[in-house]
Amino acid sequence: MSNETAKKGKKWETPLLDQLKEGPWPSFVRELERCATTSPRTEDLLGQLEQSYKDNVNHWKHGGMAGVTGYGTGITARFSAMPEKFPGCKEYHTVRIGQTQGYFYTSEVLRKLADICDKYAGGLFDFHASSGDIQTLGTRTDELDPMFAELRKIHFDLGGGGSGVRTPSACIGPARCEWAMFDTLRACQDFVEHYQDELHRPMFNYKWKTKFSGCPNDCDCSGVRSDLSFVGVWKDNIRIDQDAVKKYAEKMNIWEDVIYKCPTKCMSYDEKNGMVIDDSNCVKCMHCINMMPKALRPGVVRGAQIRFGGKVTMTVGARLGFVLVPFYDIEKDKKEGYPFLTELLDRIWEFWDENGASRERVGELIQRIGIGNFLEEIGLDPIPEMIAFPRQNPFIDFEEYYEEEGEEEEQEE
Amino acid sequence: MPSLAETVKEPEQLTDFGPPEYWPFLPPIVQRNYGKWKYHEILKPGVMVHVSESGEKVYTVRCGGTRETSTTTTRLLADLADKYAGGYLRFTSRNSIEFLLDNEENIEPLIKDLTDEGFPVGGMAGSVGNMIHTQGWLHCHTSAGDANGVTKAVMDELHKYYVSDELPAKLRVAFACCINMCGSVGASDVALIALHRRPPKVQYDKIRSVCEIPGTVAACPVDAISPKPYNGKPSVAVNEERCVYCGNCYSVCPAMPIADPLNDGLSLWVGGKISNARVKPRLASLAVPWMPNEPPRWPTAVKAVMTVVEAWRKGAKRGERVIEWIDRIGWPNFFKVTGFEFTKYHIDDYRLGETTMNYSNYVRL
Ligand code: SF4
Ligand code: SF4
Ligand code: SF4
Ligand code: SF4
């Protein structure tokens with residue numbers, strides 16, 4: 001990397017951080033130093049981080065508020081716990097900016113964002129935050145409104161935060177992937193446009209994350225990283241090009257590398273019959289297709305699977321999302337204005353609102369009150385696709401019991 | 001190169017207009033072949049080609065970046081996009097950067113420029129992806145370790161597996177600086193998670209004025225906090241036997257600080273998986289419960305990560321993700337080959353409730 005770094009930007013000696021400039025991987029310390037040459041506040045950020053490296057703890061204050069007028073979220077307020085020593089970090093807020101779907105940008109828009117980030121923040125971006133948002137670091141409270149005004153001019157809006165709908169994200173989908181079973185980018189854009197209020201004015205018990213992956217490879221990690229996960233699937237048969245299968249057979253061991261690894265053992269291959277798949281037993285895991293992309297392709301009757309309740313540890317433990325709707329015809333729903341999805345979410349959010357506690361993720365709530373009860377409340381039938389296997393303990397909470405005829409009268413007498 | 005005006009315009013609404021429409025940001029070759037891709041091939045580490053039904057080909061060059069990116073570097077990437085990719089580029093959800101080229105001849109010059117600027121090219125099949133991470137000491141008040149520093153130290157070691165494609169399968173590594181785990185690192189092949197291991201210290205003098213007592217009591221997932229007056233004023237007490245150091249109470253109440261230079265450290269988790277291929281998605285399991293915070297380069301934690309990676313690399317059959325390798329050899333052997341001590345902490349005694357749902361996309365449709 002070019003060495004125009006740090007003539008300016010050397011307010012603080014950083015012997016510990018300097019050791020992270022060594023080594024072959026790109027160094028974030030160099031990035032911070034590049035910012036520090038023009039941004040005094042990021043110079044102090046380097047100083048404060050070096051202090052943390054000495055002290056083995058962070059030096060940020062808990063809490064504090066900052067926001068953009070008209071929004072209930074989008075800003076993560078950060079106040080230094082050592083503002084006298086590091087005045088540049090006194091207010092060093094994060095601005096979450098909703099990303100473009102698929103994280104596609106042009107050079108011109110990146111330059112414009114960089115100008116804004118230099119002018120109103122510490123010259124420092126996160127590309128991208130875990131939620132999917134672009135983040136800028138280092139804005140002071142009084143700069144938030146002017147910064148937003150400039151972002152608005154180029155149609156970049158604030159992302160989510162707090163106890164509301166968080167910024168959704170999607171895998172690259174049909175933009176560059178042959179396996180996208182639905183238009184992840186369009187679905188995600190439709191979702192974020194529809195739920196602007198829930199995104200910008202958090203009113204839930206806790207956060208709500210939504211992610212869209214085009215196939216069960218789940219590149220956007222929706223099954224683990226979101227309360228509401230969409231994963232593309234097909235319903236009909238895997239399309240087989242037998243000539244291409246033969247070509248693969250010449251360079252790989254189809255039995256070893258593909259067939260033995262099929263989770264439901266629904267495939268076979270020999271010279272005479274070629275590749276045979278019992279599609280009624282295929283669970284759409286993607287393995288065979290991943291291995292032989294020129295020979296095997298997903299079917300053409302396509303939709304998405306909805307998995308639900310995934311989350312990480314906070315507050316009571318981690319879990320993956322489970323199958324809520326095995327096949328959702330998202331294209332059809334989209335054409336009609338998403339009635340199925342929006343009504344389902346209305347019911348779930350109402351249930352969460354009525355029964356949930358503060359800081360209780362929806363997955364934790366249904367764990368607490370029971371998935372069966374949850375399904376009943378939101379009007380979905382329990383179906384065996386939802387489970388790995390039925391219950392293994394006999395503590396069944398039957399809702400009623402039988403009585404002998406006349407039993408009640410007897411007791412009353 | 002598309003001008004700013006061709007991609008974005010000022011919205012009519014003052015607020016709530018949402019992110020810009022993505023379509024104008026797609027390179028023209030992508031627009032033309034949207035939804036029409038037929039297959040793809042990895043040509044070499046960090047380079048792949050997607051072939052459309054129309055016969056058009058788009059070449060992707062991927063390089064690793066730092067999630068923390070300066071405006072200087074952002075402009076540099078923009079310049080490279082202009083020079084080689086018609087002014088377009090994209091990021092991946094794992095902090096890598098991708099250039100989509102319609103001209104095959106631009107691949108090598110682009111790789112040369114990227115390499116000269118210090119960007120490793122790679123991260124596709126048979127490689128480690130870029131490590132995802134959280135904010136850490138750089139920018140989060142609840143962090144129990146630094147994210148950028150650990151990530152840099154680990155990726156320096158894994159660099160050779162990013163730029164080559166000799167790993168048995170894809171490898172996903174992640175870091176989170178507290179159990180809030182922004183970024184859900186818990187389903188990675190190898191994850192480092194910063195933990196506290198000492199109960200919070202109640203600031204009795206302060207708590208009444210800055211916290212809501214019932215909310216603080218309710219925040220604890222294991223009922224370790226109870227209301228208890230201090231000097232006649234409302235306060236709380238922590239049952240240290242019960243506390244699992246999760247930091248939930250500190251999240252809602254600043255007068256319960258839990259960060260501790262001596263006791264904050266890193267734990268190592270292995271065998272998470274997100275894709276549905278071959279075996280179901282899974283959360284990672286505990287390998288090492290605690291290692292000290294050792295800035296600036298965390299040698300103990302880095303060594304532990306590399307121990308797992310090397311054991312897997314040597315022991316796995318082609319195509320086996322970390323958890324598939326462990327499932328095949330068994331956990332006792334995993335502890336044997338890695339030399340990690342198996343302790344009572346590895347036995348899950350935390351009651352999670354239901355475990356029998358279908359946590360995958362496995363359905364016969
Ligand atoms: S999740 Fe599937 S459709 Fe989306 S990018 Fe990954 S492989 Fe392609
Ligand atoms: S997609 Fe998976 S389950 Fe279906 S046939 Fe292929 S390997 Fe078997
Ligand atoms: S993982 Fe925890 S400490 Fe790290 S950024 Fe997220 S909330 Fe902050
Ligand atoms: S750290 Fe967690 S377990 Fe310990 S007292 Fe606080 S909320 Fe309870």
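The values are calculated or read from the model by the stated rules, or taken from the named source; none is laboratory data. For clarity, every value in this text was computed on a predicted model and none was experimentally measured. Glycine also receives a Cβ, built like all others from the backbone with ideal geometry; neighbour counts cover every protein chain displayed. Side chains included, ligands, DNA and RNA excluded: accessible areas come from the protein's heavy atoms. Shrake-Rupley method; radii C 1.70, N 1.55, O 1.52, S 1.80 Å.
Brief remarks follow.
- Phi angles across region A:28-43 convert, under the Karplus curve 6.51 cos²θ - 1.76 cosθ + 1.60 with θ = phi - 60°, into 3J(HN,Hα) values of 5, 5, 4, 4, 4, 5, 4, 5, 5, 5, 10, 10, x, 5, 6, 4 Hz, Gly and Pro given as x.
- Relative contact order computed over chain B (Cα-Cα under 8 Å; 6+ residues apart), in percent: 12 percent
- Residue A:361 sits with roughly 10 Å² accessible to a 1.4 Å probe, with DNA, RNA and ligands left out of the calculation.
- Per-residue mean of C-beta atoms belonging to partner chains within 10 Å, peptide A:320-326: 6
- Size of electric dipole in chain A: Cβ of Lys, Arg +1 and of Asp, Glu -1, about Cα centre, debye, nearest 20: 3520 debye
- By the rule of a C-alpha distance below 15 Å, with chain neighbours fewer than 8 residues away ignored, the aspartates and glutamates paired with residue A:21 are A:4, A:13, A:31, A:33, A:50, B:68, B:117, B:156, B:157.
- Each Lys or Arg adds one and each Asp or Glu subtracts one; over the other residues with Cβ under 15 Å from the Cβ of residue B:201, this totals 0.
- Net dipole in debye of region A:61-153 [+1 Lys, Arg Cβ; -1 Asp, Glu Cβ; about Cα centre; nearest 20]: 100 debye
- Semi-axis lengths (Å, descending) of the ellipsoid that matches the C-alpha gyration tensor of region A:3-59: 17, 15, 9
- Between residue B:206 and residue A:142, the C-beta separation translates, for a Förster distance of 25 Å, into a calculated FRET efficiency of about 0.35.
- Whole-number D in µm² s⁻¹ for region A:138-245, Kirkwood Cα-pair radius fed into Stokes-Einstein, 25 °C, 0.890 mPa s: 154 µm²/s
- Of A:209, A:251, A:335, the one that fluctuates the most in a GNM where chain A has Cα springs shorter than 10 Å: A:251
- Only Lys, Arg, Asp and Glu carry charge here, each on its Cβ (+1 for the first two, -1 for the last two); on that basis chain B has a dipole of about 1200 debye about its Cα centre.
- Å² per residue, accessible surface of region A:239-297 at 1.4 Å: 50 Å²
- Distance between modelled label sites at residue B:42 and residue A:383, nm, 7 Å Cα→Cβ extension: 3.6 nm
- Here's how it looks for residue A:361: its modeled amide H is under 5 Å from those of A:315, which are all 5 or more places away or on a different chain.
- Net charge of neighbours whose Cβ lies under 11 Å from the Cβ of residue A:247, counting Lys and Arg as +1 and Asp and Glu as -1: 0
- Average accessible area per residue (Å²) across region A:61-153 - probe 1.4 Å, nucleic acids and ligands excluded: 30 Å²
- Springs between Cα atoms under 10 Å define the GNM used for chain B, and in it the highest mean-square fluctuation of B:167, B:14, B:80 occurs at B:14.
- Accessible surface ranking that places the most exposed of A:359, A:30 first, with a 1.4 angstrom probe: A:30, A:359
- Size descriptor, Kirkwood hydrodynamic radius, that averages inverse alpha-carbon separations across region B:86-150, Å: 14.3 Å
- In the complete set of protein chains, residue-level accessible area for residue B:34 is approximately 40 Å², probe 1.4 angstrom.
- Chain A, helix-only ellipticity at 222 nm - DSSP H runs n ≥ 4, -39,500 (n - 2.57), divided by all residues, nearest 500: -9000 deg cm²/dmol
- Computed FRET value (nearest 0.05) for residue B:331 with residue B:10, which takes r as the C-beta separation and R₀ as 56 Å: 0.45
- Solvent-accessible surface of protein heavy atoms, probed at 1.4 angstrom with all chains present, puts B:124, A:65 in the order A:65, B:124, largest first.
- Backbone HN-Hα couplings from phi across region B:279-296 [Karplus 6.51/-1.76/1.60, Hz, Gly and Pro as x]: 10, 5, x, 8, 7, 6, 10, 5, 10, 10, x, 7, 9, x, 6, 10, x, x
- Net charge, residue A:334 excluded, C-beta distance under 13 Å - Lys, Arg +1, Asp, Glu -1: -3
- Taking amide H positions as modeled 1.01 Å from N, with prolines and chain starts lacking one, the residues under 5 Å from residue A:159 and 5 or more places away or on another chain are A:96, A:97, A:98.
- Carbon/sulfur fraction of accessible area - the protein assembly as shown, other protein chains in place, 1.4 Å, %: 51 percent
- Extents of chain B, taken as max minus min of Cα coordinates on every principal axis and listed largest first, are 76, 59, 49 Å.
- With both labels modelled 7 Å from their Cα along Cα-to-Cβ, the residue B:318 to residue A:407 distance reads 6.6 nm.
- With a Förster radius of 56 Å applied to the C-beta separation of residue A:393 and residue B:53, the computed FRET efficiency comes to 0.60.
- GNM flexibility winner over chain A from A:159, A:173, A:337 (Cα, springs under 10 Å): A:337
- Ranking by accessible area, most exposed first, for A:255, A:12 with a 1.4 Å probe: A:255, A:12
- Too-long pairs where the Cα-Cα distance tops 30 Å, listed order kept, from A:235/B:273; B:280/B:314; A:207/A:265; A:119/A:334; A:251/B:112: A:207/A:265; A:119/A:334; A:251/B:112
- Close amide-amide hydrogen proximity is noted between residue B:133 and B:175, each under 5 Å apart and 5 or more residues distant or on a separate chain (H modeled in the peptide plane; Pro and chain starts excluded).
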